[in-house]
1. State in Å² the accessible area per residue of region 28-128; use a 1.4 Å probe, count heavy atoms of protein chains only, and round to the nearest integer.
2. Give the carbon-plus-sulfur fraction of the accessible surface of the chain in %, rounded to a whole number; probe 1.4 Å, heavy atoms of protein chains only.
3. Just to confirm a number: summing +1 for Lys and Arg and -1 for Asp and Glu over residues other than residue 177 whose beta-carbon lies under 14 angstrom from that of residue 177, what do you get?
4. Whole-Å semi-axes of the chain's equivalent ellipsoid, largest first, each the root of 5 times a Cα gyration tensor eigenvalue?
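The values are calculated or read from the model by the stated rules, or taken from the named source; none is laboratory data. No experiment lies behind these values; they were computed from the predicted model shown. Here the Cβ is made from the backbone with ideal geometry for all residues, glycine too, and neighbour counts use every protein chain on show. These area figures cover heavy atoms from the full protein model, side chains too; ligands, DNA and RNA do not enter into them. Shrake-Rupley method; radii C 1.70, N 1.55, O 1.52, S 1.80 Å.
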Amino acid sequence: DYRGLFLSDPTPPPVVTLAVLPFTGSAGEGEIFTDGLIESLMGTLKKVRGLRVIDRNSSRRASQDAVDPVAAGRRLNADKILTGAVTQANDELVFEAELTDVATSAKVWSGQFRQPVSESSQLPREITEAVAKTLHYELSEKEKARISKRPTENAEAYNLYLKGRYYWNKRTAPDILRSVEFFKQAVDLD
């Protein structure tokens with residue numbers, strides 16, 4: 001009976017565990033902007049079926065304790081690590097990323113992405129698509145729609161959101177209160 005062949009879902013891709021290590025950066029307000037952008041990237045990567053993204057706090061702790069990024073990846077039991085840097089040149093963001101295989105320490109992929117600051121919300125989508133393609137994941141139309149969804153059309157609102165994420169992740173009472181103010185401002189602008 002061949003009906004089962006046509007009605008079943010395609011074989012899911014193998015699960016790859018990915019650690020996104022803290023990026024270096026001097027974009028916008030430095031660490032605040034870079035941290036928020038990485039947080040957005042991680043959220044977008046998590047939308048890819050078959051990709052298991054290690055949580056931000058674990059990745060950060062492992063990268064602080066390890067001598068090099070691959071050692072941090074090993075501590076996290078990751079298959080791949082994503083590292084990079086974000087810089088700003090005039091009104092343009094330059095996002096450099098590198099995907100490394102933890103078992104072999106070999107660079108699997110690297111890419112450079114340039115966007116006007118006003119379009120920075122598109123960087124997570126572009127990087128996610130490149131990583132998925134490198135790992136041979138065929139994104140479904142539903143996944144493409146999820147990762148392409150813009151958080152806002154207002155660049156200033158997006159930057160305020162990134163600042164809010166930065167302070168939220170500090171997890172202290174004053175910083176959480178500060179993050180709420182940035183989130184409120186972002187919502188008001190949006």
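1. It amounts to 45 Å² per residue over region 28-128.
2. 51
3. Within the 14 Å Cβ shell, the charges total +3.
4. Semi-axis lengths for the chain are 29, 22, 16 Å.
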